[in-house]
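First the structure, which I've put down as structure tokens, then a few questions once you've had a look.
Quick note: the coordinates plus some simple rules give every number you see, no bench work behind them. Values in this document were obtained by computation on a predicted structure and should not be read as measured data. Glycine also receives a Cβ, built like all others from the backbone with ideal geometry; neighbour counts cover every protein chain displayed.
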Amino acid sequence: MIALTGAGLSVESGIPPFRGPGGIWTRYGEPPMDGYQRFLADPAKAWEERLNPSGPMRELWSALNAAAPNPGHHALVELEDMDVVRATITQNVDNLHRIAGSRRLLEIHGNATLIRCIQCVARFERDEIDFAVLPPSCPRCNGLLKSDTVSFGEPIPPDVLEACSGEADRADCMLVAGTSATVYPAAGLPIAIAERGGDLIEVNPYPSDLSPLCRITLAGTTAAVLPVLVERVRTLRASL
Ligand SMILES: [Zn+2]
């Protein structure tokens with residue numbers, strides 16, 4: 001079994017969603033869909049905005065800095081410790097799975113706290129980078145650095161994309177938690193598993209487009225449902 005997680009898990013840690021009621025983009029307007037092209041056109045300006053965020057980005061950063069993992073994140077780590085979940089693929093960029101202690105973690109949309117070289121794909125912590133001259137350059141290959149968060153219009157980094165497909169190819173079950181899995185390429189992963197005859201287990205307070213493909217739907221928030229799932233697995237194992 002592998003897990004696929006999304007924004008629902010972050011919302012339960014106090015991070016505002018992008019769309020829907022109270023969503024950042026609902027209130028501030030949709031961001032441009034060509035973010036990556038804009039970054040490439042003027043990386044120095046993009047870095048200035050990044051280092052001195054305003055408006056929606058400022059709000060998002062303060063929410064990210066204040067957020068802590070919730071019982072849903074901790075339950076996924078327990079499922080990994082119990083050898084039930086082999087890998088967690090997340091669409092979230094908030095670093096909370098990492099803070100909670102997930103070991104085999106694939107951040108398909110990147111990690112907002114990391115910086116990535118668009119040339120050699122190496123990732124760095126912020127304090128490893130010299131921002132004296134913008135845009136900063138890669139300590140390894142001198143290539144252009146950007147946030148590890150995958151921008152609109154930017155290809156998913158090849159290393160993480162390959163690792164996600166590899167995990168999905170070997171999985172016969174996927175736990176889909178806190179995501180309606182509508183954004184590609186992540187959305188293709190559960191569909192591929194279902195088409196191969198694998199099982200999908202969905203944890204979502206509301207029915208999603210994926211629900212008809214799921215063998216089991218557990219209606220509720222991830223913070224409420226996943227800890228119960230951990231307890232059930234533990235009880236079941238103890239009785240064997
Ligand atoms: Zn590099």
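Which helices, taking whole DSSP H runs in the chain, have alpha carbons extending 20 angstrom or more along the helix axis plus mean Kyte-Doolittle at least 0.0?
222-238
Let me know the volume per residue of the alpha-carbon convex hull for the range 1-134, in Å³.
130
Once the Cβ-Cβ distance between GLU128 and ARG58 is put in as r, and R0 is 41 Å, what FRET efficiency do you end up with, to the nearest 0.05?
Plugging the Cβ-Cβ distance into 1/(1 + (r/R0)^6) gives 0.95.
Any idea what the relative contact order of the chain is, in percent, if you count C-alpha pairs under 8 Å spaced at least 6 apart?
It rounds to 23 percent for the chain.
Counting other Cβ atoms within 10 Å, which chymotrypsin sites (Phe, Trp or Tyr not before Pro) in the range 43-136 have at most 15 and lie in a DSSP loop?
PHE131
Additional query: Taking R0 as 22 Å, what FRET efficiency do you get between THR182 and ILE216 from their Cβ-Cβ distance, rounded to the nearest 0.05?
0.65
Extension gain ARG103-ASP34, at 0.36 nm per residue separation less the Cα-Cα distance, in nm?
Roughly 21.6 nm would be gained on extension.
Give the calculated FRET efficiency between ASP172 and ARG237 to the nearest 0.05, with a Förster radius of 22 Å applied to their Cβ-Cβ distance.
0.70
If you don't mind, another one. Mind ranking 91-99, 35-43, 113-121, 205-213 by how tightly packed they are, going by the mean number of other C-beta atoms within 10 angstrom, highest first?
My ranking of the peptides, most packed first, is 91-99, 113-121, 35-43, 205-213.
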